[in-house]
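Okay, so here's the structure we're looking at.
Where a number appears in this text, it was derived from the coordinates with a stated rule and is not lab data. Small disclaimer: the values here were computed from a predicted structure and weren't measured. Don't worry about glycine lacking a Cβ; one is built from the backbone with ideal geometry, like all the others, and counts go over all protein chains shown.
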């Protein structure tokens, strides 16, 4: 089959989708203090401005992948942008805590339709062109952390020069532009017959939401309190029931047998732990810059721009070459260990610290580790599955990263709060709390490296000539 002549133009729209999905987790970072002041969030509930989006995204991604397989990726992709626009409009106009959190959940639901459909479209466009596929993965992969870090900068610009509602409202014109141009660029894809497991989607989302809520509230309620135990226990029961339902359904949301595919489960575990280490680092680093070092919204966002440049360089230029030379397993393990090193250095942050000494070197090191690990783990997870389950594989790997992000942030928020991060106005206590979160995230990254080393099967390095930047899919 000849390659689609519009594939590269379509790829940039797909990369924009990934950029926006991840940016919407980070663009609110700089605006959090103003959102907290205007709407009355307390330190624990403030994390739900982030978590409501991530929980809805993580809980519904499998449903989004299933819908992409059944209804066609282009249809689901466009529907997701429409839902994201509606949620963004509601979040920007919200005047209360409840409305803000609900609107963020709607945004997450839209993103849960966009993300797996985008990856499915990428495979449809480039799956028959192995040499181009890794380039496409590199551009797509770079869009995720670039969106995360660039979102912090854009959030700073918007918050400083406009007002915090615009960190949400900016999505609306972008969504309308995508809805106008994407139909002419994206392959249609045929509909398939099959059922939709709404019960499974409900159990996955409710289980994740309850577990995250219980972990976030545990420092205030007490880890041994009945509320904490019932909430976390109820979440785990719902997740267990999700597995039972999937095992018994004829057309489940997630065919459990797919996890027996070589390397698929291990690569998804690497993505989960990568998200659990990276997202808390971003979240607390942003708070450290503003609440301890005293940077304004614009300066705080600009301070993280070097990470964006480092990540994009690593993902687009370096990571494919490293993967081609050493294979996915070595790349993932090395990347997670380098990320852990950056987090360990960040755990030394001081109340009287500075950006140049306490933040810049460590954040660049962490960005290098993220850039090396992300592409190989993403590519391995997607390419391990059969083509007809591309939407499911896309949904699983996106779910892994977002669930890891939500659970990692919830756990590190609890840890930071227990160590003093809730004492606003006390730089020493805040630094102690943030330091504990960075140290905990480093432990997660080390655990990810050890598990990847133990569970991933080694693959032969690419046979491409050195320096051509074209890794094979082996490993």
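Relative contact order, whole percent, for segment 197-252 stands at 45, derived from Cα pairs under 8 Å and 6 or more residues apart.
Using Cβ contacts closer than 10 Å as the measure, can you line up 227, 308, 120, 399 from fewest to most?
Values: 227 13, 308 20, 120 31, 399 28.
Listing 227, 308, 120, 399 from fewest to most nearby Cβ atoms yields 227, 308, 399, 120.
If you take the Cα centroid of segment 333-366 and the Cα centroid of segment 292-326, the two points sit 13 Å apart. Mean separation of Cα pairs under 8 Å and 6 or more residues apart, divided by the residue count, gives the chain a relative contact order of 22 percent. The angle separating the long axis of helix 73-93 from the principal Cα axis of greatest extent in the chain is about 20 degrees.
Ordering 245, 178 by the number of other Cβ atoms within 10 Å of each residue's own Cβ, fewest first, gives 245, 178. Note the angle between two axes, namely the Cα long axis of helix 328-346 and the longest principal axis of the Cα atoms of the chain, as a number of degrees from 0 to 90, rounded to the nearest 10. It works out to around 10 degrees.
Can you bin segment 340-436 into rounded, prolate or oblate? Criterion: square roots of the alpha carbon gyration tensor eigenvalues sorted a ≥ b ≥ c, rounded for a/c under 1.5, prolate for a/b above b/c, oblate for the rest. Oblate, because a/c is 1.5 or more while a/b does not exceed b/c. Distance from the C-alpha centroid of segment 157-186 to that of segment 46-114: 14 Å, rounded to the whole angstrom. As a rough footprinting exposure proxy, the listed residues 331, 163 were ranked by other beta carbons within 10 Å of their own, and the order from fewest upward is 163, 331.
The average projected area of segment 178-250, computed from the convex hull of its Cα atoms over all directions, is 8.0 nm². Using a ≥ b ≥ c from the Cα gyration tensor of the chain (square roots of the eigenvalues), is it rounded, prolate or oblate, where a/c under 1.5 gives rounded and otherwise the larger of a/b and b/c decides, a/b for prolate? Because its axes are fairly even, with a/c under 1.5, the chain counts as rounded.
The angle separating the long axis of helix 171-181 from the principal Cα axis of greatest extent in the chain is about 10 degrees.
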